Amino acid sequence: MANFAQIYFIPSAGIGTLLLAVLALSDLAAAVTGLAASVTATGTAVAMRLPYAQRRTGLFGYNGALTGIAFGALWQPDPIFAAWLAVCVALTVVATAALVRRELPALTGPFVAVMALSWGMLPWLELTSRVSSATCDVGSPGFMFCSVGQVVFVAPLVLGLLTWYLLALWNARATVWALAAGLAVWVILVVLASRWPSMAAQAGGVGINAFLAALGLGVFGRRLTMRLTGAALAAVICVILGGWLTPRGWPYFTLPFNLAVWIVLSATARDRQGPRADDA
């Protein structure tokens with residue numbers, strides 16, 4: 001169950017179980033496919049003989065679990081769906097393990113990669129789309145709580161708020177600051193969207209990716225200004241990618257979050273290494 005919690009950088013099976021329960025309340029189908037994908041990812045990690053300690057914290061399985069949730073939220077299950085999902089989950093484990101060996105943060109990069117591959121193969125896979133009417137109200141400050149839940153395709157505000165509360169139980173400080181950074185980005189987005197209405201179309205992606213960027217940079221120990229910078233950068237990337245990909249019918253999922261965090265981590269790596277070298 002730690003696979004579900006690790007999506008939010010939490011190495012806890014208990015929190016993961018509660019997050020799965022919240023997901024089931026929102027979308028039972030997505031919860032079922034997410035659980036199946038999580039089990040498949042863990043089995044793949046065991047078969048690859050990856051380190052037990054890292055398997056136990058969900059490090060190798062969270063991208064697979066997130067892939068299963070996305071599949072269940074977006075498409076209706078059938079034999080091709082199940083077979084392709086198993087392939088994608090296995091690929092996320094292999095990719096995550098390769099990045100971990102090189103001491104690179106995988107984030108949700110493997111998830112984004114297999115979802116992009118799946119999107120490109122839709123004409124051959126012939127997966128049937130699911131219709132979902134669940135959305136977040138962009139005009140309300142509660143939008144940020146809703147966005148926290150939408151990371152795992154949980155849309156109702158009340159369940160998004162419950163998701164945020166579960167995250168805060170584990171690391172209140174990082175979660176609160178991530179929400180604050182996301183809220184600041186939301187205010188800027190609302191102001192800009194009043195002048196350029198087309199930007200409102202990217203609000204959902206901005207909310208998800210800005211929150212994740214701030215949360216992730218907090219977990220990696222970056223100071224508050226860098227978390228806010230990462231959230232703002234993720235928002236800018238959302239707008240850029242949205243303007244390019246949305247007209248073509250391609251979603252960008254959590255790619256902006258990955259790019260923003262990788263950029264900020266790379267830019268601040270030398271600053272963090274410097275003090276250690278001086279101390280030595």
Quick check on the range 1-124: take the gyration tensor over C-alpha atoms, sort the square-rooted eigenvalues as a ≥ b ≥ c, and tell me if it's rounded (a/c under 1.5), prolate or oblate. oblate
Between VAL236 and ARG223, what is the label-to-label distance in nm when each label sits 7 Å out along the Cα-to-Cβ direction? 2.0 nm
Give me the extension gain from LEU104 to THR17: residue separation times 0.36 nm, minus the current Cα-Cα distance, reported in nm with one decimal. 28.6 nm
The range 142-272: equivalent-ellipsoid semi-axes (sqrt of 5 x gyration tensor eigenvalues, Cα, Å): 22, 19, 13
Where the centroid of each part is defined by its Cα atoms, how far is the range 70-101 from the range 12-52 in Å? 12 Å
Between VAL39 and THR128, the two model label points (7 Å from Cα along the beta-carbon direction) sit apart by a distance in nm of 2.3 nm
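Between TYR165 and ALA116, what is the FRET efficiency for a Förster distance of 25 Å, r being their Cβ-Cβ separation, to the nearest 0.05? Could the numbers behind the result be given before it?
Working: r = 32 Å, r/R0 = 1.28.
FRET efficiency, TYR165 to ALA116: 0.20.
What are the DSSP H helices in the chain that stretch 15 Å or more along their long axis, judged by alpha-carbon atoms, and whose average Kyte-Doolittle hydropathy comes to at least 1.6?
13-26, 79-101, 157-170, 172-195, 203-219, 224-245
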Using the Cα gyration tensor of the chain, the equivalent ellipsoid's semi-axes, largest first and to the nearest Å, work out to 26, 25, 18
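Within 10 Å, count the other beta carbons around each residue, average over each peptide in 116-123, 33-40, 87-94, 157-164, and list them highest first.
Working: 116-123: 13.2, 33-40: 23.4, 87-94: 21.9, 157-164: 20.2.
Highest to lowest by the protection proxy: 33-40, 87-94, 157-164, 116-123.
Values in this text are rule-based calculations from the coordinates and carry no lab data. Fair warning: this is a prediction, and the values are worked out from it, not measured in the lab. Positions of Cβ are generated from backbone atoms using ideal geometry, with glycine treated the same way; all protein chains shown enter the neighbour counts.
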